[in-house]
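Down below is the structure, laid out as C-alpha cells.
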Amino acid sequence: MILLFVVHVLILISIYILLAVSLNLVLGYTGRVNLGHVALFGIGAYTSALLYINGIPFVIAFLASGFFAGFSGFVLIFATKRLKGDYYALATLGFSFIVYSLLLNLTSITRGPLGIAGIKKPELFGFAITNNFSYLTFSSIIVLISVFIIWRIVSSPFGILLGAMRDDETALKVLGKDTKMLKYKAMGISAFFAGISGSLFAHYISFIDPGTFTISEIILVLTIVIVGGIASTKGSIVASAIIVVIPELLRFLPLPGGIAGPMRQILYSIILIVLLLYKPRGLFGRIELE
Amino acid sequence: MKNKILRIKKSLYVLHTKVRSLFGLLDAQDANSMLKHGVFAMHLDIKKVSKNFGGIVALDKCSLEIKEGKIIAIIGPNGSGKSTLFNVISNIVSAGKGKIYFSKEDITGREEHEIAKIGISRTFQEVRLFKNLTIEEHLKVALSDSDYKLIKSFFYRQPNEDDRIKEILEMVGLKKPVSTLSSELSYGQKKLLGLAVAIAKPHSILMLDEPVAGINPELRKEIFRIIKELNNKGESIAIIEHDMNFVMNLAHYIYVLDSGRLIAEGTPREVQKNKRVLEAYLGK
C-alpha cells in the first residue's frame, strides 16, 4: 500500500519536474513571467487524450500534444510581442483564462465541464503500460530525456543569449542579436515540453476537466520555480520533489476533508514568504527575482 | 594571365556583394570584407535628422558624417542631443525626420539588430552590461555576429575564442578572471568591459558615448591610449565626451551641438576659436 503511494508521488514529481523546468526556461532564462504555462500544459493534456481516445497511436498523440502546445506558445508570444513586465504577465494570465473558457465551452470537442474520463495508459509499439510501476519507468525516461535537452539548451551559447536578453534586451539588440526570434524559439521549446508533460499527466490521472488547469495550478508551478531558484534546472528538480511531497504528507494528518485543500494553499504561501524573506534567490538560483 | 584572373575574381566579388547589398543582406563581415577589397569606403552620413520628444526638440536638422579611419567627436552642453543622436543612429530612438546612410545605403528605420549587423558597434553613457553574465560570456555574445542557431548550438562545439577574448581583455587592460560576473566589477572595470564588448563585436564604426565620464585620471589615460591604438589600426570612431582636453587631443574633426542644433564643426583648433561654441559653454 505504502509502495503504491510512493510510486504515485514519484510519478507526480516527475511530471511536475518537466512542467517546472520548462517554465523556468522562459521565466528564468528570458525573464518573462508566463502565467499561461498551465494553459499550455492543459492544451497538451487535452490534445493527447482526445487523439488517443479517437484511435490515434500514442506516439503520434504524444508528439502532437507537444507540437500543438508549441504552436499555441507561438500564438501567445505573437499576440503579446509588444508587452513587457507586468503587462506581459497579465496578458499571459488572460491567455490561460481564454484557454480555460474554450475547454469549458467547446463541449462538442472537449465535453466541457464533464471533462474527459477513461483516458487509458499508453501502449507503445505493442507494449502496454498497465500499472503504475511501468508508468513511473516510462514517465521517468521521458522526463530524463526532456530535462537533458532543456539543460543542454540553457547551457549552450543559445542559453547565454537568453540570459543576456533577460538582463538587458536593448544592449543585446545593439550587439546584432534578433531578440524577437530568441523569444519565439524559447517560448516554442518551453510550450512543447509543457505540452508533453500535459500528455504524461492526462494518461496517468485518466480524467481531465477544465478545472484541472486553472490559477491554483499556476501558483503551484510558480512556487516550484521560485523555491528552486530562478534559472536553475537543478533547483526546479529539487523543489518539485519538495512541493509535491509536502501536501501529500498532509493526507496522514487527521484533518477534515474541507480543511486539507485550503491547508495546501496556506502551506505554499508560507513556504514562498519564508523563502523570499530569507533566501530570495531560492534554493539554487543565482538570479534574484525583481 | 594571373592578374587577369585576379581582376575577374574581384569583379565577381563586387557584383556578388552589390547584389547582396541590393537585397539588404549585408552584415558586418561583408562590410569589412568589402572595405578590404576596396569595393567602397566606409562612410556614415547623417542627413538633416530631427527628433522631438513631445514639445521638446532633441535634434533639429542635424547633418554630420563619419569617415573611414577618422575619429570624430560630438560635443555640447548637457541636453544638447548628443546621446539622442547616437540612439537615433542605432534606432533605439526612431528618427522623426531625416535620413541615415551607411556607405550610400539607406539604413533609416531599420531594426536595431540589423543596424548593428551592418557594422555599427556602440557603448552607452550609463554602462549597459548583462549583470548575471561573466566577463567571458559577455565577450562570447559580442564576438559572434550571427544569432546562435539553436540546433547548431545544441549539437556542435563552439569555436574556441579564448585567444581572441584574452587579446581583447589585454588591449583594454581589464585584469580580472574571465569567470567574474559583471555585477561584481567596479564602475571603472564596468566601463572597460563595456568598451571591450563594443570592440569585440564585429564592426566598421565604433560609437563611444562618454567613455571617460566618472572615472579616475589613470583610467582616463588608459582609455585614451586604447582609442588611439584602435584608430591607428584604421578604425573609424565617433565619440561623445564632455572632457575637452580628452576630445581636443584625440579627435580629427569635431561637431558641436546645442539644444539639438549643430552650431559648429571643424578641426579641434577651429572649434576652440569659434565664438558660438564659447557662448554655448560659457554663456554670452
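Under 8 Å for C-alpha pairs, at least 6 residues apart: give me the relative contact order for chain A, rounded to a whole percent.
34 percent
List the lysines whose alpha-carbon lies under 16 Å from that of B:LYS47, not counting same-chain residues fewer than 8 positions away?
B:LYS61, B:LYS67, B:LYS82, B:LYS97, B:LYS99, B:LYS104
For the pair A:LYS84 and B:GLU218, how long in nm is the line joining their label points, each one 7 Å along Cα→Cβ?
Spacing of the two 7 Å Cα→Cβ label points: 3.7 nm.
Give the Rg (one decimal place) followed by the Dmax (whole number) of the stretch A:2-212, computed from C-alpha coordinates and expressed in Å.
When restricted to the Cα atoms of the stretch A:2-212, Rg and Dmax are 17.6, 58 Å.
Expressed in nm to one decimal, what extension gain is obtained for the pair A:PHE207 and A:ALA260 from 0.36 nm per residue of sequence separation less their Cα-Cα distance? Present the calculation step by step, with values, prior to reporting the outcome.
Working: separation 53, 0.36 × 53 = 19.08 nm, distance 2.14 nm.
So the chain would gain 16.9 nm between A:PHE207 and A:ALA260.
Using helices alone, I'd like the mean residue ellipticity at 222 nm for chain A: each DSSP H run of four-plus residues gives -39500 (n - 2.57), total over residue count, nearest 500.
Working: 12 runs with 209 residues, N = 290.
After summing the helix terms and dividing by the residues of chain A, the value is -24500 deg cm²/dmol.
Roughly how many Å is it from the Cα centre of the stretch A:225-259 to that of the stretch B:176-242, as a whole number?
Spelled out, the Cα-based centre of one part sits 48 Å from the other.
Quick one: Debye curve from the alpha-carbon atoms of the stretch A:92-158 only, equal weights, vacuum; give me log10 I(q)/I(0) at q = 0.13, 0.22 Å⁻¹ to two decimals.
-0.73, -0.89
From Cα pairs below 8 angstrom and at least 6 apart in sequence, can you work out the relative contact order of the stretch A:1-153, rounded to a whole percent? Before the final figure, lay out each step's value.
On the way: 121 pairs, mean separation 50.0, N = 153.
Contact order relative to length: 33 percent.
Over all residues in A:175-188, what is the mean tally of Cβ atoms on other chains that come within 10 Å of each residue's Cβ? If you can, show how the numbers build up before the last one.
Values: counts 18, 21, 11, 7, 4, 2, 3, 3, 0, 0, 4, 1, 0, 1.
Mean inter-chain Cβ contacts per residue within 10 Å come to 5.
Just to be sure I understand: with springs between alpha-carbon atoms less than 10 Å apart, which residue in A:GLY258, A:GLY44, A:GLY159 has the highest mean-square fluctuation in the Gaussian network model of chain A?
The residue that fluctuates most here is A:GLY258.
Lys/Arg Cβ at +1, Asp/Glu Cβ at -1, dipole of chain A taken about the Cα centre: which of A:LEU175, A:ALA241, A:VAL99 is farthest positive-ward?
The residue sitting farthest along the positive end of the dipole is A:LEU175.
Report the label-to-label distance for B:VAL57 and B:LYS99 in nanometres (one decimal), using points 7 Å from each Cα along the Cα→Cβ vector.
Those two pseudo-labels are separated by 2.3 nm.
List A:LEU220, B:LEU139 from most exposed to least, where exposure is judged by having the fewest other Cβ atoms within 10 Å. Could you put the intermediate results ahead of the total?
Details: A:LEU220 20, B:LEU139 24.
Least to most surrounded, the residues fall as A:LEU220, B:LEU139.
Which pairs, out of A:LYS121/A:LYS185; A:LYS183/B:LYS166; B:LYS191/B:LYS228; B:LYS140/B:LYS175; B:LYS131/B:LYS201, put more than 20 Å between their alpha-carbon atoms?
Details: A:LYS121/A:LYS185 31 Å; A:LYS183/B:LYS166 31 Å; B:LYS191/B:LYS228 17 Å; B:LYS140/B:LYS175 17 Å; B:LYS131/B:LYS201 18 Å.
A:LYS121/A:LYS185; A:LYS183/B:LYS166, as the Cα separations exceed 20 Å there.
If I model a spin label as a point 7 Å beyond the Cα along the Cα-Cβ vector, how far apart are those points for A:LEU102 and A:SER269 in nm?
Here the answer is 3.2 nm between the modelled labels.
If we count other beta carbons within 10 Å of each Cβ, what is the order of A:MET181, A:MET1, A:MET187, B:MET244, fewest first?
The fewest-first ordering by Cβ neighbours comes to A:MET1, A:MET181, B:MET244, A:MET187.
Ranked by Cβ crowding within 10 angstrom, fewest neighbours first, how are A:ILE205, B:ILE107 ordered?
Values: A:ILE205 15, B:ILE107 19.
In order of increasing Cβ crowding within 10 Å: A:ILE205, B:ILE107.
Can you pull out the chymotrypsin sites (Phe, Trp or Tyr not before Pro) in the stretch A:207-265 whose DSSP state is coil and whose Cβ has at most 14 other Cβ atoms within 10 Å?
Values: sites: A:PHE207, A:PHE213, A:PHE252; in loops: A:PHE207.
Here the sparse-neighbourhood loop sites are A:PHE207.
In square nanometres, what is one fourth of the surface area of the convex hull spanned by the alpha carbons of the protein assembly as shown?
Working: hull surface 137.5 nm².
Answer in nm², one decimal: 34.4.
Out of every Cα-Cα pair in the stretch A:191-290, what percent are more than 20 Å apart? It would help to have the intermediate numbers written out before the result.
Working: 2275 of 4950 pairs.
Here the long-distance tail beyond 20 Å is 46 percent of all Cα pairs in the stretch A:191-290.
For the protein assembly as shown, with only Lys/Arg (+1) and Asp/Glu (-1) charged at the beta-carbon, what is the dipole magnitude about the Cα centre, in debye rounded to 20? Before the final figure, lay out each step's value.
Details: 65 positive and 45 negative charges, 291 e Å.
Dipole size: approximately 1400 debye.
Express in whole angstrom the spacing between the alpha-carbon centres of the stretch B:95-129 and the stretch A:15-91.
36 Å
Rule-based calculations on the coordinates, nothing more; no lab input. As the structure is a prediction and not an experimental result, all values here were calculated from the model. Using ideal geometry, Cβ is built from the backbone for each residue, glycine included, and neighbour counts are taken over all protein chains shown.
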